[in-house]
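Only one structure is covered here, and it is reproduced in the block below.
Laboratory data are not the source of any read-out in this text; all were calculated from the coordinates shown. Small disclaimer: the values here were computed from a predicted structure and weren't measured. Cβ placement follows ideal geometry from the backbone for every residue including glycine, while neighbour counts extend to all protein chains displayed.
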Amino acid sequence: MTPNPLTRESEARREGSCIRVYGIPILLTAVFCAVGGYLAFLSYEGSHHEDSKSQPIPFCSPSLVRGEWPTAASSSSLSEKWTLRNLNRSIKVPASVPGGVYTDLMAADILPEGDFYYRFNDLNYRWVAKEDWSYCTTFEVDPEMAQHQRVVLIFDGLDTAAEVVVNGVVVGETNNMFVRYVFNVKEHIQESNVVDLEIRFESPLTYSTRAFEDQLKDYLVPPKCVPKDYQGECHANHIRKMQASFSWDWGPAFPNMGIWKRWELTGFDTLKISDILFTATPTEELPAKPDFSLRPGWNVTLEVIFDSALESGSTEGELEIFLGDVFNVTTDATIIAKDFEASKTVTFEIGQNLVDMWWPNGFGIPGCRALYDLNVSWKPKTESPTSSKGVRVGFRTVELNQDFVDPANETLGRHYRVHVNNVKMFMKGSNWIPAHILPEMVSEDYTLELLQAAQITHQNCIRVWGGGIYETDTFYEIADELGLLIWQDFMFACSMYPVNQPFLDSVADEIRTQIRRLHHHPSILLWAANNENEAALRGNWYGTASNFEKYKADYKKLYVETVRNVTQSLDSSRPFVVSSPNNGIESEEEDHVAKHPYSNLYGDVHYYNYLSDAWDWKIYPRTRFASEYGFQSWPSFRAMRNVTTEEDWSRTSSLSYHRQHHPGGQEEIALQIGLHMHLPPGDGTEKTYRDYLYLSQVHQAVAVKTESEFYRRGMSSINSQGEGYISGALYWQTNDIWQGPSWASLEYGGRWKMLHYYVKKFFTPVLISLYVDGDDLEVAVINDSYESITGMTLSVVLYRYDQMEPITYFNATVDAVAMEANVVARYNLWDDLKLTEHCQSGLKDEVDVCFVVAGASAGSGEGETLISTNFQLLGKPKDALLQKASVEVRSVSGPYLTTISNDTFIITLSSNQVALFVWVEVDDPGFFSDNGFLMVTEEVSIEFYAEGSTTEESLQQSIQVTSLTDTYMDESIARVDREAAMERALHPNDIRNLIFV
Ligand code: BMA
């Protein structure tokens with residue numbers, strides 16, 4: 001029988017997630033060695049019981065308990081009540097701390113139009129950001145508090161421009177959301193043990209406008225404003241605040257204010273540990289091929305940072321250090337303070353065979369991420385209280401290798417390749433933006449859900465992009481646990497920035513705060529000073545060319561002399577790059593503003609091209625590292641209907657244009673849909689609106705698949721110009737900030753877009769990738785693991801769109817060579833696949849009659865394992881000989897227990913025709929084993945992993961299935977015909993018309 005790779009894939013995937021006896025999945029207990037409470041909901045491929053039996057995990061650290069670490073020698077117990085009021089006191093409501101103005105006003109029913117994201121509420125609620133707001137509380141402190149040598153108010157984060165007032169006296173001012181502020185309040189506490197604390201926030205719009213105007217008296221620091229499509233606010237670059245809070249091309253403006261992080265009033269007499277910086281260097285050279293059982297020795301350097309009670313001078317005591325149950329030491333320490341801060345460096349060696357190495361996702365022992373509790377206590381010689389802090393650390397090295405690709409010919413450029421534990425690896429991942437425009441709205445569970453969705457889809461690297469926030473501690477703890485390497489931008493994006501001294505000082509404080517806080521996380525791969533500002537300067541995005549030298553000097557002052565210097569003074573263990581995109585060493589050699597920041601031969605590239613055919617691999621650059629690329633789509637109808645009314649349900653509605661912040665975005669989506677499929681009219685019916693949302697996701701999924709596979713295919717070779725050795729593909733963007741069109745693969749709320757299902761397939765460790773080059777269908781095998789697979793069976797099957805039986809197929813025996821991408825088979829469309837013979841239908845081109853699916857498997861008989869499947873359309877679906885398919889739900893059964901979800905359901909679909917991009921949706925939160933797939937058999941079963949508990953009935957009630965021909969207006973359109981499509985109403989802005997003529 002002709003093999004059917006697509007059907008076999010879904011069965012194989014089921015095998016991977018649970019074991020079945022007579023079709024009933026059995027609950028399997030996941031074994032993790034270093035997971036805290038976060039991983040309760042999901043486990044992943046390779047983590048089930050069988051694996052853990054066959055691969056015991058003797059070396060991993062014991063399960064670690066996430067806990068509250070005692071942070072203060074003596075702190076008041078504050079159960080205070082807060083009030084929020086505006087300047088003229090017309091509004092006075094209870095407030096939450098930590099929190100923000102918007103959420104407090106919402107909780108107090110002051111925002112009557114409902115949800116922040118409902119329809120035009122971003123505009124309706126803008127008034128909030130234009131006012132000044134005060135947070136006030138009154139509380140009593142223990143009279144003993146005032147007896148301490150030093151009494152301080154510590155704010156981990158105030159957003160943003162504020163005065164801190166204690167008992168009517170201003171004790172400090174803030175203007176940087178990312179700085180930890182410490183204010184001395186001893187004398188105020190001494191006067192009274194009843195404390196009136198008030199934080200007076202100035203509107204960030206007022207603050208940044210004033211800063212912009214002050215700056216303008218000297219010279220303009222552009223841009224003057226965001227594009228008007230953003231529906232945003234101007235001058236975010238003049239305030240150290242989440243840059244996207246003034247709007248971005250995927251998000252709304254909610255310029256928040258508030259006490260957004262933890263605060264405390266605390267007193268102490270000697271030292272209080274604030275941060276622990278952790279560096280581990282192996283005592284032996286690590287092998288270039290991974291050995292997951294290797295347990296080398298490590299030289300450890302700890303830098304313990306203290307708040308000091310003394311402004312200057314020395315304090316005697318002991319430092320006690322515990323590294324899990326692996327190592328402990330107590331050492332006498334003399335600690336010298338300066339400006340009420342102190343630090344102490346301690347070094348020690350961990351012998352061989354004591355700790356496991358930390359590896360990124362896809363490497364290491366499955367299900368095991370080796371993390372260790374590190375606890376440091378300060379015990380002063382005097383009677384004063386001790387101070388302790390704990391962090392969780394991992395043992396690993398990171399490097400960004402930039403060797404010449406050919407030392408004999410330096411003109412061919414340099415690598416830009418990540419090595420972890422001396423092992424080179426391909427970075428597969430995406431770019432993270434804030435998960436909500438109001439940080440206080442993001443729960444730990446939601447962060448976990450999003451990052452798990454990245455891990456499940458084989459991602460090993462997430463770039464925290466520079467226009468958002470330095471993420472929460474929880475975010476990085478989860479990344480440590482999931483093995484997601486974090487490319488950490490500093491928060492500067494798409495702008496020029498001021499360089500007056502107070503601004504630079506504040507930036508230096510910011511960098512210090514963040515590096516001290518984040519340094520110990522093994523997940524953090526590198527620091528990058530800004531997003532796209534080298535490219536902006538070189539490319540004159542903001543009209544800086546006429547004064548280039550001035551802006552360049554400013555650029556260097558900020559990112560090189562300030563950000564880089566502070567970073568490197570605190571962290572020599574990680575790579576630092578000045579910008580992304582950037583040419584790395586080459587940019588440095590070109591005095592930090594390279595002639596060609598987008599060079600394919602150096603560093604990383606951001607590549608966006610919305611006007612060419614996005615499904616054509618030939619348009620993509622053979623860069624060293626694609627750190628940003630992508631296409632927009634809309635989220636699901638389920639997401640949109642939560643925040644819209646019927647009148648908005650058209651791609652041409654004012655709401656659709658209001659949400660589309662990317663200039664020309666609507667036209668670009670329409671163009672790309674129109675290039676490949678039939679663009680539905682913007683006629684205001686629910687059906688055409690839903691079709692449009694669906695088609696935008698099909699476009700995006702196939703486009704990003706095409707581009708990502710192209711990058712992976714280029715991992716191990718270069719062309720004669722030196723292009724190739726591609727070492728990373730981080731698509732833009734992981735997650736959404738609200739319900740609107742964006743590049744995200746996960747929509748707001750966590751539901752997977754079609755792209756996310758494709759990510760799981762195109763980032764699979766061993767991938768077969770098909771592409772057409774001239775008259776040849778090429779089959780490449782990409783293996784980014786260190787295990788070769790020899791003797792795989794490759795099946796390439798030719799189908800016609802108008803019948804389910806395959807036409808012909810080819811089998812070949814191929815190898816997946818470790819860490820290589822190779823073309824393993826080539827089939828001429830005419831001589832081998834014989835399109836002329838097999839693919840005739842009236843006047844249709846052969847490529848519109850047939851398409852190809854392929855699969856590769858290893859082993860045979862019972863032991864056969866499916867490695868990867870894929871498909872390649874030869875023409876455009878809009879011209880294809882597709883027959884109207886009725887894809888129906890044959891059955892829903894469950895719940896079953898699997899390692900992925902306690903509520904797993906099996907959904908069986910049937911179809912009477914070949915169906916493209918079969919898309920299954922339910923109301924219940926969760927995700928499917930596969931979605932957006934091609935159906936070439938009459939029946940296909942997939943699994944649904946519910947997030948909460950649900951029932952067959954509930955799923956059956958809401959389940960909906962769409963395939964491509966459902967979006968065709970009537971059956972006849974399946975045969976068409978550009979004319980008919982064009983006649984349908986189009987928004988005047990749709991440039992797809994231009995493309996067709
Ligand atoms: C890149 C990013 C973001 C932007 C995205 C999509 O430039 O750095 O600034 O949102 O492209 O336009």
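Structure notes:
- Most positive-pole-ward Cα, ILE110, ASN124, THR137, against dipole of region 99-214 from beta carbon charges: ASN124
- Projected over every direction and averaged, the convex hull enclosing the alpha-carbon atoms of region 545-608 yields 5.0 nm².
- Each residue in TYR446, TYR809 was given a count of other beta-carbon atoms within 10 angstrom of its own, and listing them fewest first yields TYR446, TYR809.
- Global geometry of region 129-285, whether rounded, prolate or oblate, following the gyration tensor of its Cα atoms and the 1.5 cut on a/c: oblate
- Over all pairs of different C-alpha atoms in region 584-719, the reciprocal of the mean inverse distance, the Kirkwood hydrodynamic radius, equals 16.8 Å.
- Kirkwood-type radius of region 498-561, with distances r between different C-alpha atoms, in Å: 13.4 Å
- From phi via Karplus (6.51, -1.76, 1.60), per-residue ³J(HN,Hα) for region 418-425 in Hz, x at Gly/Pro: 7, 10, 10, 6, 6, 9, 6, 9
- Derived from the Cα gyration tensor, the three semi-axes of the equivalent ellipsoid of region 748-814 are 25, 21, 12 Å, largest first.
- Taking only the alpha carbons of region 572-623, we obtain Rg and Dmax values of 13.5, 44 Å in that order.
- Dipole in debye (nearest 20) - the chain, about Cα centre, beta carbon charges: Lys, Arg +1; Asp, Glu -1: 740 debye
- Relative packing of 745-751, 640-646, 282-288, which averages over residues the other C-beta atoms within 10 Å, highest first: 745-751, 640-646, 282-288
- Tail weight of P(r) past 18 Å, computed on alpha-carbon pairs of region 297-432, percent: 67 percent
- Its alpha carbons considered, region 287-332 gives a radius of gyration followed by a Dmax of 17.0, 50 Å.
- Spherically averaged projected area in nm², based on the convex hull that wraps the Cα atoms of region 226-381: 14.8 nm²
- In the chain, a dipole from Cβ-located charges (positive for Lys and Arg, negative for Asp and Glu) runs towards its positive end, and of TYR657, LEU794, PRO296 it is TYR657 whose Cα lies farthest in that direction.
- The Cα-based radius of gyration of region 463-594, divided by its Kirkwood radius, gives an Rg/Rh of 0.97.
- Three-way shape call for region 396-515 based on the alpha-carbon gyration tensor, with the a/c threshold at 1.5: oblate
- Each Lys and Arg adds +1 at its Cβ and each Asp and Glu adds -1 at its Cβ; summed about the Cα centre, region 726-837 shows a dipole of about 520 debye.
- Residues of type lysines that LYS381 reaches as a straight line, Cα spacing below 25 Å, ignoring anything fewer than 8 places off in the same chain: LYS186, LYS272, LYS338, LYS344, LYS389
- Expressed to the nearest 5 percent, the antiparallel share of DSSP beta bridges inside region 315-458 is 100 percent.
- Under the Debye formula (equal points on every Cα, no solvent term), log10 I(q)/I(0) of the chain at q = 0.04, 0.06, 0.08 Å⁻¹: -0.20, -0.45, -0.82
- Computed log10 I(q)/I(0) for region 180-225 at 0.19, 0.22 Å⁻¹: -0.73, -0.83, from the Debye equation with unit scatterers placed on every C-alpha and solvent omitted.
- Size descriptor for region 197-296, Kirkwood hydrodynamic radius: 18.6 Å (Cα pairs only, one decimal).
- Both numbers refer to the Cα atoms of region 404-455; Rg and Dmax are 18.4, 54 Å.
- Tensor-based shape of region 748-894 (alpha-carbon gyration tensor, a/c under 1.5 rounded, otherwise prolate or oblate): oblate
- Helix-only CD estimate at 222 nm, as mean residue ellipticity for the chain, using -39500 (n - 2.57) per DSSP H run (n ≥ 4): -5500 deg cm²/dmol
- Whole-angstrom gap from region 398-465 to region 200-255, using each part's C-alpha centre: 29 Å
- Length released on extending from GLU311 to GLU383, taking residue separation times 0.36 nm less the Cα-Cα span: 23.9 nm
- Along its first, second and third principal axes, ordered by size, region 309-377 spans 50, 22, 15 Å in Cα coordinates.
- Hits among lysines - C-alpha to C-alpha of LYS878 under 18 Å, sequence gap 8 or more where chains match: LYS844
- Peptide ranges 112-123, 530-541 listed from the most packed, as the mean C-beta count within 10 angstrom indicates: 530-541, 112-123
- What you get for region 392-505, charging only the Cβ of Lys and Arg (+1) and of Asp and Glu (-1), is a dipole of about 460 debye around the Cα centre.
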